[in-house]
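Working notes, structure below.
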Amino acid sequence: MLEHLSARPLRAARKVRRPGVAFSPPLGEASLSQRGHTAKLVARSVSRLQGRVRAPGDKSLSHRALMFGAMALGETTVRGLLEGEDVLATAAALRSLGAEVAHERELSRWRIRGFGVGGAREPADVLELGNSGTSARLLAGILASHPFTSFMTGDASLRRRPMQRVIEPLTRMGARFEGREGGRLPLAIIGTDELMPIEYRLPVPSAQVKSAILLAGLNTAGETTVIEPEPTRDHTERLLRHFGAEVRIASADGGGKRITVVGWPELKGRDIVVPGDPSSAAFAVVAAAIRPGSDIVVENVGINPLRAGLYDTLRDMGADIAFENRRELGGEPVADLHVKGGALKGVEVPPERAPTMIDEYPVLAVAAACAEGTTRMLGLGELRAKESDRLASVSAGLAANGIKHEMGAAELVVHGTGAPPRGGGLVRTHLDHRIAMSFLVLGLASRDPVAVDDGSPIDTSFPGFALLMGDLGARIEAA
Ligand code: S3P
């Protein structure tokens, strides 16, 4: 179906990229909210993958390392930072708030001189956050506790995403917001340095909402508590402690956790090493798992149990994944993932596992399409609030490639036959990096090539994706 497309190697295609996107910070100009180009990409079947690669830095931890460094006094250095567009948007925003954030290329590290808790200055212009929900929600928490008005916006995807989930608790603390209908961006944040501490029970399992409240609580007198009925990634808690904050964690009545931050800590600059991102490693791991005969190692991957649900699920499906060379890096458990390809079988993925693999369902759907039997994924309501309505985007992508499935309000059921899927589709990515990468992985295992209409959002989280996959033997090219 795609045979008529002339494939240019991606390296050549890079020459026509908008300059300054993934590789040359700083970012943050107005152009971030208006993606200036699209890049159609195509992936073709490969017999097997082989080799050793290193996962790019963890996106969640990279945002937090920069933000907490900005709220600390003294100098913070960060090695292994993800230099993707989302994290660069955070870096640019922090500069606008008065932090010194510098990339010391020759030392392979980033250096931050912070403004201290409560010490940000009023930004002179609108904060441009591109595609990054983590930047928008966590910065909303920081800005709410400062006595000035700031404005944020982002690309078409971010301007569609729900912000009411952070506006509601931060309003209870005493901040005010003006946004579009439903609290959507562009958003004005009218902060105050006299926030009231609250105790807040999360209505949705969201590490971003939890983090926004805890960060507002840093510049608030007394104790601010978030109750999370279902555990979500705990990077904020771990890293805030590392910077010197008092963060108390206890069991909540009726189940779940009470997380309390004590206001006005003196955060001190630290040296941070960011491990590789399990959500990015997922693409190489699934690609190898669905190609029998593959044998790859992805080095330096964070395996925090609150992020590792995909790996449990793939093992349930029969995948051969070994965590080798386990160690600690930057306060997080890390391993090298050794993956051998083979036959997979369908499984049921329980709803309580969703927060530990929330970003991995698109690529799990690809694994399910290549497995034998039915895979039922439950409790997926939050997928509708991601960079795109991911449930709808995955369903459309599966349909375009001839894969039998059913989508419900919060579930996805994929029927695999164990044989390579038909492929041959053109998948719409809707400014969603993970939709782009997931369906390119499908193309590595399907009979006909799979194309995505716009691979440019991949740079938000995984600059160099196609080259890294190429190092393993994959063929992903500009179409
Ligand atoms: C993130 C939390 C998750 C995840 C996102 C990163 C974070 O979002 O999907 O990619 O860094 O805290 P939610 O908090 O909306 O679940």
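The values are calculated or read from the model by the stated rules, or taken from the named source; none is laboratory data. All values reported here derive from a predicted model rather than from experimental measurement. Glycine gets a Cβ as well: all are built from the backbone with ideal geometry, and neighbour counts include every protein chain shown. Please note that ligands, DNA and RNA were not included when accessible areas were found on the heavy atoms of the full protein model with its side chains. Shrake-Rupley method; radii C 1.70, N 1.55, O 1.52, S 1.80 Å.
Below are the figures for this structure:
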| read-out | value |
| --- | --- |
| Residue in the range 63-113 that is farthest from V274 (Cα to Cα), counting only those that are more than 16 Å from the ligand (Cβ to nearest atom) and of a type in the set (S, T, N, Q) | S96 |
| Sole residue being farther than 30 Å from I435 by Cα and either at pLDDT below 95 or not small (G, A, S) (or both), chosen from E168, E104, E181, E128 | E104 |
| Tabulated pairs, the range 414-433, first closer than 11 Å to K345 by Cα, second open to solvent by 30 Å² or more (accessible area, probe 1.4 Å) and part of a loop (DSSP other than H, G, I, E, B), C-beta under 9 angstrom, 6+ apart or interchain | H415/K404; G416/K404; T417/K404; G418/A343 |
| Of all residues in the range 35-62 being of a type in the set (A, V, I, L, M, F, W, C) and either modelled with pLDDT under 95 or in a strand (DSSP E or B) (or both), the one that is farthest from the ligand (Cβ to nearest atom) | V42 |
| Matching strands (runs of 3 or more DSSP E) fully within the range 205-281 where at least 1 residues are within 14 Å of the ligand (Cβ to nearest atom) and open to solvent by less than 10 Å² (accessible area, probe 1.4 Å) | 223-228, 257-262 |
| Residue in the range 162-176 that is open to solvent by 10 Å² or more (accessible area, probe 1.4 Å), farther than 25 Å from G269 by Cα and of a type in the set (S, T, N, Q) present | yes |
| Answer residue from the range 345-376, given it is over 24 Å from the mean Cα position of the chain (by Cα) and assigned to a loop (DSSP other than H, G, I, E, B) and is nearest to the ligand (Cβ to nearest atom) among those | V347 |
| Scope the range 184-204; condition more than 14 Å from the ligand (Cβ to nearest atom), within 24 Å of the chain's Cα centre (by Cα) and open to solvent by 10 Å² or more (accessible area, probe 1.4 Å); matching residues | R184, P186, R201 |
| Residue pairs meeting the criteria (Cβ under 6 Å; at least 6 apart or on separate chains; first free of Cβ contacts under 8 Å to residues at least 12 places away in the same chain and of a type in the set (D, E), in the range 384-410; second part of a strand (DSSP E or B) and away from the ligand (no atom under 16 Å from the Cβ)) | E406/V413 |
| F115 vs. criteria crowded, with 17+ Cβ neighbours inside 10 Å and in a loop (DSSP other than H, G, I, E, B) | yes |
| Verdict on D316 being under 23 Å from P355 (Cβ atoms), out of contact with any Phe, Trp or Tyr (no Cβ under 7 Å at 6 or more places or on another chain), open to solvent by 10 Å² or more (accessible area, probe 1.4 Å) and at pLDDT 95 or above | yes |
| Failed condition for G222, given (1) under 28 Å from T77 (Cβ atoms); (2) touching a Gly at 6+ places or on another chain (Cβ under 9 Å) | (1) |
| Scope the range 452-471; condition of a type in the set (A, V, I, L, M, F, W, C) and buried (at least 23 other Cβ atoms within 10 Å of the Cβ); matching residues | V452, I458, F462, F465, A466, M469 |
| Among (1) touching a strand residue (DSSP E or B) at 6+ places or on another chain (Cβ under 9 Å); (2) over 15 Å from A93 (Cα atoms); (3) touching a residue at least 60 places away in the same chain (Cβ under 8 Å) - the single one G154 does not satisfy | (2) |
| Subset of the range 128-171 (residues that are within 11 Å of the ligand (Cβ to nearest atom), touching a Leu at 6+ places or on another chain (Cβ under 7 Å) and part of a helix (DSSP H, G or I)) | G133, S135, A136, L138 |
| Every residue from the range 34-63 that is in contact with a Lys or Arg (Cβ under 9 Å, 6 or more places away or on another chain), open to solvent by less than 30 Å² (accessible area, probe 1.4 Å) and closer than 13 Å to A466 by Cα | V42, A43 |
| Inter-residue pairs, beta-carbon under 7 Å, first in a strand (DSSP E or B) and in the range 282-296, second open to solvent by 10 Å² or more (accessible area, probe 1.4 Å) and not basic (K, R), 6+ apart | D295/Q50; I296/Q50; I296/G51 |
| Options G309, G276, G263: the member that is more than 18 Å from A55 (Cα to Cα) and modelled with pLDDT of 95 or more | G263 |
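Residues are listed down the side, and each one gets a yes or a no for (1) away from the ligand (no atom under 16 Å from the Cβ); (2) crowded, with 19+ Cβ neighbours inside 10 Å:
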| position | (1), (2) |
| --- | --- |
| G381 | no, no |
| L391 | no, yes |
| G397 | yes, yes |
| N401 | yes, yes |
| G408 | yes, no |
| E411 | yes, no |
| T417 | yes, no |
| P420 | yes, no |
| G424 | yes, no |
